[in-house]
Amino acid sequence: MQPRYAFCSRCRGLKVGWSKAYVTHWLFCKHWLRRSSTLGGAVVVAALVLGFPEPGVSVSSAPRPAQPAPRIRVSGTVMTVPPEVTSMVAFLERHEVDQANRKRLAESIVSSSKKYGLNAKLLASIMIVESRGNPFAISGQNAVGIMQIHLPTWGTTAVDENINLLKIEDNVDFGARILKDYVRRFGVAEGVKRYNGFIPGEPMWEESSQRYLAKVQEIYGFELN
């Protein structure tokens with residue numbers, strides 16, 4: 001397949017994909033950052049584009065074939081995958097999460113759920129609604145990565161703590177941390193709505209967050225209280 005190019009009167013032709021040149025063009029030339037409500041969004045995107053290594057997969061490219069999972073031997077014994085990770089892989093497969101990152105996502109979700117005392121299936125359900133496992137997802141609301149971390153709210157924290165929002169493990173862990181705080185303060189259902197950006201008393205946000213909660217519950221399989 002021939003590479004795709006974007007053409008701009010200011011920037012000329014640029015190869016479409018996750019190169020620094022194209023991402024910088026997309027962010028700055030199209031004025032995406034100017035719609036951000038805080039300096040935090042600008043700071044963290046600059047860090048993502050310029051400070052971290054370029055991702056090896058383009059959003060527009062076809063998924064690469066999955067690599068066989070490595071077999072680890074300890075004292076001559078092959079270590080088996082923990083059952084909770086196997087179960088999570090199956091859950092992600094049922095919901096059509098890309099096979100290329102499925103096992104890595106499952107391991108990250110299980111690990112971060114244990115770390116923050118969350119239900120792994122709930123965390124996975126939110127991830128599926130947010131990005132369906134795309135580590136390079138960027139929304140029109142200035143949210144980035146697997147768990148769609150909202151840059152105007154959390155961007156400065158990500159930069160201060162050297163959190164790479166395009167790395168699966170970092171993004172899942174940061175999302176789990178944010179969700180845990182909301183659940184602790186407001187309960188599970190309300191915490192999920194707050195994760196979506198729920199603003200009490202705002203009719204538009206009331207309706208939007210209720211739809212979001214319904215989507216998460218449908219994937220999760222149970223009503224959240």
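Extending 7 Å from Cα along the Cβ direction at D160 and again at R184 yields two label points whose distance is 1.6 nm.
Protection proxy ranking for 190-197, 208-215, using the average of other Cβ atoms within 10 Å per residue and placing the highest first: 190-197, 208-215.
Using the Karplus relation 6.51 cos²θ - 1.76 cosθ + 1.60 with θ = phi - 60°, the per-residue 3J(HN,Hα) values for segment 182-193 come to 5, 5, 4, 7, 10, x, 5, 4, 5, x, 5, 5 Hz, with x marking Gly and Pro.
If you take the charge dipole of segment 77-220 about its Cα centre, with +1 on Lys and Arg Cβ and -1 on Asp and Glu Cβ, which of G197, T153, M88 is farthest toward its positive end? Positive-most Cα among the choices belongs to M88. Label-to-label distance, E223 versus A100, with points set 7 angstrom from Cα along the beta-carbon direction: 4.0 nm. Under the convention that each Lys and Arg Cβ holds +1 and each Asp and Glu Cβ holds -1, the size of the dipole of segment 77-220 around its Cα centre is about 300 debye. Max-minus-min Cα coordinates of segment 77-220 on each principal axis give 57, 34, 27 Å, with the largest extent listed first. Simple spin-label estimate for S139 and S87 gives 2.8 nm between the two label positions (7 Å along the Cα-to-Cβ direction from each Cα). For F198, no residue has an amide H sitting under 5 Å from its own, ignoring neighbours fewer than 5 places away on the same chain, with H placed 1.01 Å from N.
Just to check, using Stokes-Einstein with a Kirkwood Rh over alpha carbon pairs, what's the diffusion coefficient of segment 79-138 at 20 °C and 1.002 mPa s in µm²/s? Each step should come with its number before you reach the end.
Values: Rh = 11.5 Å.
Rounded, D is 187 µm²/s.
Here, each number is a calculation from the coordinates, and none is a lab measurement. None of the values given here were measured: they were computed from a predicted structure. Neighbour counts are summed over all protein chains in view; Cβ atoms, including those assigned to glycine, are modelled from backbone coordinates with ideal geometry.
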